[in-house]
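The values are calculated or read from the model by the stated rules, or taken from the named source; none is laboratory data. Because the structure is a prediction, the values reported are computed rather than measured. Glycine gets a Cβ as well: all are built from the backbone with ideal geometry, and neighbour counts include every protein chain shown.
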Amino acid sequence: MKINFNLSLKLALIVLLVSATVISLLTYVNIQAQTSFFESAYSEKATALAQALDASISNREELENRYESQNRIYKFVYSNPDIKNLSINLPDPESGELKVFASNDLSSINDSAGQYNDLSYTNKSIVTIPAHSGNSHTLTVITPIHLGGQVVGTYEMTISMNSAYASLDIRVKNLIIISMVFLILLIISFLYLLRIFVIKPITIFRNAANIIGKGNLDTKIKIKSKDEIMELAGAFNKMTDDLKKSREEIENYSKTLEAQVNDRTIELEKSKEELFYLNKELEKKVLERTAEVQHLLKQKDDFIGQLGHDLKNPLTPLVGLLPLLRDKEKDPSIKEQLDVIISNVNYMKDLVVKILQLARLNSPSIKFDMGDLDISKEIGDIISSQQFFFKENNFLVENNIKEDIHVKADKMRVEELIKNLFTNAVKYTLDEKGTIVIDAEKKNGFVTISIKDTGIGMTPEEINRIFDEFYKADESRHEMDSSGLGLSICKRIVERHGGRIWAESNGKGKGSTFRFTLKLSEDK
Ligand code: ADP
């Protein structure tokens with residue numbers, strides 16, 4: 001209802017304003033026209049009276065006889081009740097100034113006639129002066145007095161227009177009342193038309209929109225006015241039809257989607273269940289396998305450790321006694337055979353020592369003597385101590401580590417690790433001479449030490465296996481100083497320090513680089 005009221009009120013106000021303005025203007029124009037009509041009618045009447053008065057005087061004696069003039073004025077005023085004031089003004093014989101000679105207002109006699117009389121007298125013309133104050137409306141007409149073809153004075157006649165204005169007032173009031181009634185009728189009929197042609201269709205549209213808003217798309221608007229509103233209703237109905245179609249399509253699509261989602265959900269649930277059981281099964285199997293592997297690894301470590309101990313004991317006296325026997329022997333062929341035996345025994349002892357070492361490194365009970373270690377100094381010291389070994393093998397060592405780098409490490413184990421890698425670099429360089437380049441790079445709390453050689457290099461398959469126990473890339477080069485355990489020991493040492501070791505090579509004959517990381521010392 002609010003929208004109706006607002007719209008109607010606004011339009012009614014506009015109509016009211018426009019009509020009021022038009023009616024006011026018309027009333028004003030009407031009053032103005034009537035007023036000027038009154039004034040000219042009264043002016044004509046006054047002029048006619050003055051002329052009648054003028055004609056009633058035939059000579060100067062008559063005019064200048066104050067008694068007769070005064071009498072004439074009284075008669076005139078008596079027979080014309082509209083005349084409020086009538087005076088005859090003549091020039092003063094001495095001063096020539098126009099003065100009141102005779103008048104129904106006796107108090108004004110001999111007063112100056114005033115400027116309007118002077119004007120009429122000198123211009124020989126009629127002067128009309130309307131005056132309005134409160135309810136009093138008068139018209140003063142001044143006409144020249146003619147005698148013998150000459151202007152000898154003026155008549156001043158003031159006529160009351162009150163009766164005319166009173167009737168005008170009544171007419172104006174009637175006009176205003178009629179206008180008001182007309183205005184009210186206009187507004188009522190306007191509102192009525194507005195209601196029929198605008199508000200009613202708008203209400204129909206609004207109600208339909210409300211029903212549609214609630215979801216009922218079967219609503220139709222029926223308007224037969226054969227105008228724009230009917231066209232609008234057509235467009236509205238079409239829109240509703242389109243909406244209905246779209247909604248049906250969406251509903252169908254939603255249903256299909258819902259069904260698909262349901263199917264997928266069921267499938268997923270099934271898969272989830274299957275996966276859950278599969279996972280459980282896998283987990284169980286992994287746990288079983290891990291336990292088995294751990295058990296086997298332990299068995300292997302135990303076996304190797306035990307075997308090492310069992311072998312080391314009988315080897316110790318052999319290693320000590322055999323060189324003595326060889327030195328005492330005079331027969332060179334037996335001496336030669338003893339040399340072979342000694343080298344084999346030494347190899348076996350070395351192998352057993354390494355096996356025991358690896359077994360110890362694999363045992364979690366073995367503790368490392370961790371401390372702050374200047375790795376640059378350590379490498380420098382190892383190079384110095386190995387100087388003879390490098391010279392003998394015609395090897396050049398280039399140490400590029402210039403700054404002090406402190407790591408947290410077991411000095412003995414790190415020394416063993418680096419010596420092992422140096423020995424391998426020399427051992428696996430078949431050329432007359434070789435080079436070892438050492439570098440270090442600090443990153444994320446670790447230092448990576450690299451040892452690069454110019455040796456025989458490795459294939460990717462070999463790189464994958466070199467850290468395996470007992471692995472030797474080239475079995476045919478089965479020398480007495482090769483056990484296949486050196487890199488396994490290196491790996492265990494690095495890993496027990498929390499680091500990583502790996503090898504890189506561009507292939508056979510292209511040299512190898514071994515890299516390992518160690519944790520930087522937090523103290524420095
Ligand atoms: P080994 O006692 O045989 O040297 P390692 O465990 O130290 O045992 O080395 C394993 C294998 O890795 C070696 O037999 C060799 O084939 C390969 N290898 C090790 N170091 C190098 C290297 N610097 N250059 C090329 N091959 C290497």
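Okay, here's what the table says:
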quantity: Count of residues meeting criterion [over 24 Å from residue 13 (Cβ atoms), part of a helix (DSSP H, G or I) and touching a Ser or Thr at 6+ places or on another chain (Cβ under 7 Å)] in region 184-238; calculated: 3
quantity: Hey, residue 509 within 11 Å of the ligand (Cβ to nearest atom) and either surrounded by 15 or more Cβ atoms within 10 Å (Cβ to Cβ) or of a type in the set (Gly, Ala, Ser) (or both) or not; calculated: yes
quantity: Criterion (at pLDDT 90 or above and in contact with a helix residue (DSSP H, G or I) (Cβ under 8 Å, 6 or more places away or on another chain)) met by exactly one of 377, 411, 312; calculated: 411
quantity: Residue in region 39-46 that is of a type in the set (Ser, Thr, Tyr) and either surrounded by fewer than 12 Cβ atoms within 10 Å (Cβ to Cβ) or within 60 Å of the chain's Cα centre (by Cα) (or both) present; calculated: no
quantity: Criterion violated by residue 506 - all others in (1) more than 28 Å from residue 374 (Cβ to Cβ); (2) modelled with pLDDT of 95 or more; (3) touching a Gly at 6+ places or on another chain (Cβ under 6 Å) satisfied; calculated: (3)
quantity: Residue satisfying all of: in region 415-426; farther than 11 Å from residue 389 by Cβ and not aliphatic (A, V, I, L, M); farthest from the ligand (Cβ to nearest atom) among these; calculated: 415
quantity: Elements of type helices (runs of 4 or more DSSP H) in region 48-127, at least 1 residues being of a type in the set (S, T, N, Q) and loosely packed, with under 12 Cβ neighbours inside 10 Å; calculated: 66-79, 115-123
quantity: Filter result for the condition that a residue is free of Cβ contacts under 8 Å to residues at least 60 places away in the same chain and outside any helix (DSSP H, G or I), over 244, 330, 270; calculated: 330
quantity: Residue 450 vs. criteria more than 8 Å from the ligand (Cβ to nearest atom), closer than 24 Å to residue 358 by Cα, surrounded by 13 or more Cβ atoms within 10 Å (Cβ to Cβ) and under 59 Å from the mean Cα position of the chain (by Cα); calculated: yes
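Let's see how each residue does on (1) surrounded by fewer than 20 Cβ atoms within 10 Å (Cβ to Cβ); (2) away from the ligand (no atom under 13 Å from the Cβ); (3) closer than 22 Å to residue 493 by Cα:
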site: 377; (1), (2), (3): yes, yes, yes
site: 389; (1), (2), (3): yes, yes, no
site: 396; (1), (2), (3): yes, yes, no
site: 430; (1), (2), (3): yes, no, no
site: 433; (1), (2), (3): yes, yes, no
site: 446; (1), (2), (3): yes, yes, yes
site: 458; (1), (2), (3): no, no, no
